[in-house]
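Student: Below is a structure I'd like to ask you about.
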Amino acid sequence: MILRLLNFIVLGAFVLAAAYVYRIKFDSTVQAEHLARIRGEVRHERDRIAALRAEWGELDNPARIEELAKHYLPFKPIAPTQFDSLATLPDRPAFMNPDTKDPIGLMIETTKDPDTATGSVAAPANPAAPR
């Protein structure tokens, strides 16, 4: 009788072990399928990136850009007569006459508190007070 009970317990343990091994195998199969799908998506994205790089190479071709510029932009070639030396250029105009007063300085001088006109913080009323 005890032998028969022991046989049933061992048989139950084998069934539970087989079920556990089957569950592990099933989970690993699901994970393998998930990994294969992700690898396929990565491969697809790499192919898309390669196609976009090839398309960018075609669009960035200097000969193509030159043809588009000739077709759509009204530029003409530069003639050698268009260049001149720096000595023939007129003098640069002065920003303002040296005789006139600086307009920003005049604004600061006419304010009530010129120290705060430039964004400075006014000094505390009591210089001995801690900050």
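The values are calculated or read from the model by the stated rules, or taken from the named source; none is laboratory data. Computed from a predicted model, the values in this text were never measured in an experiment. As a convention, Cβ positions derive from the backbone with ideal geometry for all residues, glycine included, and neighbour counts pool all protein chains shown.
Student: With respect to MET107, is the statement that it is more than 40 Å from the chain's Cα centre (by Cα), of a type outside the set (Asp, Glu), at pLDDT below 80 and assigned to a loop (DSSP other than H, G, I, E, B) true?
Tutor: no
Student: Out of LEU73, LEU35, I need the residue that is at pLDDT below 90 and among the aliphatic types (A, V, I, L, M). Which one? Please lay out each step first, then the result.
Tutor: Values: LEU35 fails: at pLDDT below 90.
Exactly one of LEU73, LEU35 is at pLDDT below 90 and among the aliphatic types (A, V, I, L, M), namely LEU73.
Student: Something else now. Considering each of ARG64, ARG46 in turn, give the residue that is surrounded by 10 or more Cβ atoms within 10 Å (Cβ to Cβ), touching an Asp or Glu at 6+ places or on another chain (Cβ under 9 Å) and at pLDDT 75 or above. Give the steps one after another, and end with the answer.
Tutor: Values: ARG46 fails: touching an Asp or Glu at 6+ places or on another chain (Cβ under 9 Å).
Testing whether each residue is surrounded by 10 or more Cβ atoms within 10 Å (Cβ to Cβ), touching an Asp or Glu at 6+ places or on another chain (Cβ under 9 Å) and at pLDDT 75 or above leaves just ARG64.
Student: Continuing with the same structure: With respect to ILE78, is the statement that it is in a helix (DSSP H, G or I), on the phi < 0 side of the Ramachandran plot and either modelled with pLDDT of 65 or more or not small (Gly, Ala, Ser) (or both) true?
Tutor: Values: in a helix (DSSP H, G or I): no; on the phi < 0 side of the Ramachandran plot: yes; either modelled with pLDDT of 65 or more or not small (Gly, Ala, Ser) (or both): yes.
In short, no.
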